[in-house]
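Structure first, commentary second.
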Amino acid sequence: MDAQRIHLDPDPFDQFYISQGFRIGDLILLSGQVGIGDDGTTVEGGFDAQADQAMRNIQRALQAAGSDVDKIIKVTIYVTDMQYRENVFALRQRWFKVPYPADTFVQVAALGRPERLIEIDATALVEGQLRP
């Protein structure tokens with residue numbers, strides 16, 4: 001089975017030598033998404049702004065691969081401080097619906113740059129539905 005690279009234009013990951021992700025059959029595996037704009041710079045506005053931008057970046061990459069946020073089956077959410085726990089719960093409520101994706105939520109010492117507070121990677125379906 002082949003893995004097809006997900007292409008975005010512009011692709012802020014190109015400057016970091018990272019692929020957005022790959023579509024393998026009806027499964028999409030995304031790289032971790034952070035709160036950066038198309039130019040690769042971190043958005044201003046703190047944790048919630050970065051979290052929402054990370055989810056918009058996930059949505060954009062999934063749509064480029066023929067999927068969408070409602071097809072996500074698994075996320076891993078990395079934060080630099082568990083003080084953002086309630087913010088993550090609110091983020092999940094804004095972006096996901098029943099049945100919620102499987103989720104791993106961890107605190108890490110640092111992300112790729114010191115100003116980054118959250119990173120989210122996702123696995124999603126292309127075809128089919130999530131069933132409760």
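List of remarks:
- Residue tally, condition within 16 Å of ALA54 (Cα to Cα) and acidic (Asp, Glu), over the range 77-124: 4
- Of all the listed residues (PHE89, PHE16, PHE96, PHE47), the sole one being of a type in the set (A, V, I, L, M, F, W, C) and modelled with pLDDT under 95 is PHE16.
- The residues in the range 106-120 that are in a strand (DSSP E or B) and either of a type in the set (Val, Ile, Thr) or within 13 Å of the chain's Cα centre (by Cα) (or both) can be counted, and the count is 4.
- Pair list, Cβ < 9 Å and 6+ apart or interchain, from the range 59-88 residues that are over 19 Å from GLN4 (Cα atoms) and touching a residue at least 24 places away in the same chain (Cβ under 8 Å) to residues that are surrounded by 14 or more Cβ atoms within 10 Å (Cβ to Cβ) and of a type in the set (Lys, Arg): VAL75/ARG92; ILE77/ARG92; THR80/ARG116
- Filtered residues of the range 62-91 (kept if surrounded by fewer than 17 Cβ atoms within 10 Å (Cβ to Cβ) and either under 14 Å from the mean Cα position of the chain (by Cα) or among the acidic types (Asp, Glu) (or both)): GLN63, ASP68, ASP70, ILE73, LYS74, THR76, ASP81, GLU86
- Whichever residue in the range 14-43 is without any contact (Cβ under 8 Å) to a residue 24 or more places away in the chain and assigned to a loop (DSSP other than H, G, I, E, B) and, among such residues, is farthest from GLU115 (Cα to Cα): SER19
The values are calculated or read from the model by the stated rules, or taken from the named source; none is laboratory data. Here the structure is a predicted model, which means the values were calculated and not measured. Backbone-built Cβ (ideal geometry, glycine too); neighbour counts: all protein chains shown.
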